[in-house]
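For reference, the structure discussed in these notes is given below.
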Amino acid sequence: MKDIISKYPDLVKYRKKGITVPIIFTAVFELILAVLIVALYFNNMIISHYVFYLILVVIALIPFIIFKPFSFLFDKDYKGKVEKVKYNEKLNKSSQIPVSYVTGIGDIQDYRDNEHMDCWQTISIETEDGIKVEYDAKPKIEKTHQDEGIPMASFGVKKYVVSSLLDYYEIGDEVEHYSGFAFNKKLNLKPNDKNICIVCGTLNSQKENTCKNCGHSIVK
Ligand SMILES: [Zn+2]
């Protein structure tokens, strides 16, 4: 498959950022940890006990789980046929979520501060090489909603975006996946079909060249 993304400089930039930012975050974390260990060592504060080293190893692994710096290695471009599309949502308990949820779009539910809803789409694809791929896509809500004075991080908006895609992809549709992007492009569009933004999952009319939600280029 030839590299379609290279025709769109802003998407190339987006993909590069998606690869380099997690690597930088991981590297900075490991560096701080190393400096801390060296400082402790010179202050004779390293306890020579295997449990202590085990804890250090666990701490050192945390950024690999959170930032997933090497996930790009497993994310390849492919073309395939849709076999199944599914909507998922999960209630997460966490202490680091926005305090207020937004009203206005979709069906907004009121969750307690330490709970938040996560929603995503799972799409099963059989690739051209006959490999079955299961692929999760989470929407990204940006710009426009903020411009309109509606704050970000709205579960309702995300739910609306993800649910609308359930009707978008049909079994047997040909799609293309580009590494580093959350949503698959649907090929062979009918005249009234919408074009998906591969960054945020918003559906745009075919005459649109940039996404009405996030402003990124629409792959044509
Ligand atoms: Zn978009």
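A quick yes/no check of all residues on (1) at pLDDT below 70; (2) farther than 30 Å from Leu165 by Cα; (3) part of a helix (DSSP H, G or I); (4) hydroxyl-bearing (Ser, Thr, Tyr):
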residue: Leu33; (1), (2), (3), (4): no, yes, yes, no
residue: Val51; (1), (2), (3), (4): no, yes, yes, no
residue: Ile59; (1), (2), (3), (4): no, yes, yes, no
residue: Pro63; (1), (2), (3), (4): no, yes, yes, no
residue: Lys79; (1), (2), (3), (4): no, no, no, no
residue: Asp113; (1), (2), (3), (4): yes, no, no, no
residue: Met117; (1), (2), (3), (4): yes, no, no, no
> Assuming Pro22 fulfils every condition listed in (1) touching a Ser or Thr at 6+ places or on another chain (Cβ under 8 Å); (2) surrounded by fewer than 10 Cβ atoms within 10 Å (Cβ to Cβ) apart from one, which condition is it?
Replying inline: (2)
>> Contact list please: Cβ distance under 6 Å, first residue in the stretch 46-59 and in the same structural domain as Glu30 (by TED's automatic domain parsing) and within 22 Å of Phe29 (Cβ to Cβ), second residue part of a helix (DSSP H, G or I) and modelled with pLDDT of 80 or more, pairs at least six apart or on different chains.
In response: Ile46/Leu40
> Of the residues in the stretch 181-197, how many are within 14 Å of the ligand (Cβ to nearest atom), assigned to a loop (DSSP other than H, G, I, E, B) and not basic (Lys, Arg)?
Replying inline: 5
> Within the stretch 192-205, can one find any residue that is small (Gly, Ala, Ser), at pLDDT below 85 and loosely packed, with under 14 Cβ neighbours inside 10 Å?
Replying inline: no
>> Looking at the stretch 137-180 only, could you name the residues that are out of contact with any helix residue (DSSP H, G or I) (no Cβ under 7 Å at 6 or more places or on another chain) and at pLDDT 85 or above?
In response: Tyr168, Tyr169, Glu170, Ile171, Gly172, Asp173, Glu174, Val175, Glu176, His177
> Which ones in the stretch 198-220 are touching a residue at least 40 places away in the same chain (Cβ under 8 Å), near the ligand (Cβ under 10 Å from one of its atoms) and either over 22 Å from Tyr78 (Cβ atoms) or of a type in the set (A, V, I, L, M) (or both)?
Replying inline: Ile198, Val199, Thr202, Lys212, Asn213, Cys214, Gly215
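The values are calculated or read from the model by the stated rules, or taken from the named source; none is laboratory data. Nothing here was measured: the structure is a model prediction, and the numbers come from that model. Ideal geometry is used to build each Cβ from the backbone, glycine not excepted, and the neighbour counts take in all protein chains shown.
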